[in-house]
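Report on the structure given below.
Derivation of every value follows stated rules applied to the coordinates shown; laboratory data play no part. The structure presented is a predicted model; accordingly, all values stated were derived computationally and were not measured. Neighbour counts are summed over all protein chains in view; Cβ atoms, including those assigned to glycine, are modelled from backbone coordinates with ideal geometry.
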Amino acid sequence: MFGLRNTSVSMNSIVQNTNGKKVLLISPWSSYRPVFFAQLSSLIRQGLIYYITPAHIETFHELIHDISHQIRTKNPSFGKNLNKIQDTGSAVDLGEALAKDLNALATSPIALFLDEIKPALFDNQAQAVSSLLDNLSDHVKLVFSSQLSSYEPWKSWLAKKSAVLLNVERRRHELNFTQDTTAKPHLEVFGFGSGTALIDGLEVTQWEGMLPRTLFFYLIDHPVASRDDIFGDFWPQPRITVKDATDIFHVTKHKVSEVLNKRLGTPNVIELTAYKQGVYIPSNRLVRYYDVAMFTDLLQHAEMNEADREMLLLRAIDLYKGPFLSALEAQWVVQRRHELNIMYSDALIELGRISNQRGDHHNALARFEEALVYRPEREDVHRSIIHILAQIGEPAKAKEHIAMLKATIYTPLGMSDSPEVPQVLDDHGLAVF
């Protein structure tokens, strides 16, 4: 985890690495995003315009209009050219108008950072993109970040040399964007749900057995692992000798590399790990994105950052697409799944409390109820639900929940009823039963 207090983010490193290009693509950078967000206000003062793509945006037209709307909330005079054409303009017209409006805003160098952009928004929009780029002044840069950065149209933009790919690296006290001079395969791993891996946008479907697939996810989820760690989780003694475990491990690890290289179609390019000082660490021959790593980083930074806590928690729970590696039942998977479920439920509970404090009772209720799916033993959450139900005028449902609380927690554990539970209904002038 990265400390935020002593880490700044360099806007200059964005501008200095453009090499005259107007489009910059950010490689997957899961571990660094929370640091970036923590320094966002400083970057905005330096000339960065940050835009995160809402989930409901589905077309290029919607994207351009929403970008204009978001910029206008901070700069009311923005959008004169876009306003002239509004809904009547073609995609090409919109691209040109957005460029002119950005130029008018750029009294000094600016960068429009489009985060979580969907590559599909640019499908069949080559002319519109050309219109946008051709009309941008040298003072304006467009920065695109996407989890699936290996998909089109990014690759075609790089091939045409109309864009430059930036990596993200953390130096001692600064987060920098640096030009990627050597093309590296992009590995995107999604551990939530059944488990998916993509190499340069191509899903890996042929693992040649369960063991290579399981070891792959283990090495992804354990960025620093010793042989003792690995052998203990896969081939514990005395069921198998160390020599036999070593042989099986090396054969399986080699098989993982073969599977990835075969999917990429270029043999001997990919090595998932490097062995240094007695531990296996991520290889520098790959650019990685891992949803679980981003999830845990966001939660850690949400805990330290009260001002942006809700935003960070919402981004974290959006990554949770189901229990961790739901198709696998290895002991280490089950344990990790349990840990992540607790993290997810705790995030839901905190979001429920935040919503409840500002009077958004229905949203709070939904958060608390979902949290109980993973943490049914949380009596405090049950009490919060009962309180909200009584508060929003649902006494019958509140009483039903009290009965469920008794049946699932108090009676099985031989506990007496909490005096706070009936008091909740008394506070609202309602009889308990």
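Some points to look at:
- DSSP-defined antiparallel bridges as percent of all bridges, the range 174-311, nearest 5: 75 percent
- For Arg378, Arg263, the sequence from fewest to most other C-beta atoms within 10 Å is Arg378, Arg263.
- Kirkwood hydrodynamic radius of the range 187-288, from the reciprocal of the average inverse Cα-Cα distance over all distinct pairs: 14.1 Å.
- Reference-scaled alpha-carbon Rg (2.2 N^0.38 Å with N residues) for the range 291-427: 1.16
- Diagonalising the gyration tensor over the Cα atoms of the range 261-302 and scaling each eigenvalue by 5 before taking the square root yields semi-axes of 26, 16, 6 Å, largest first.
- For Lys276, Lys184, order by how many other beta-carbon atoms lie within 10 Å, fewest first: Lys276, Lys184
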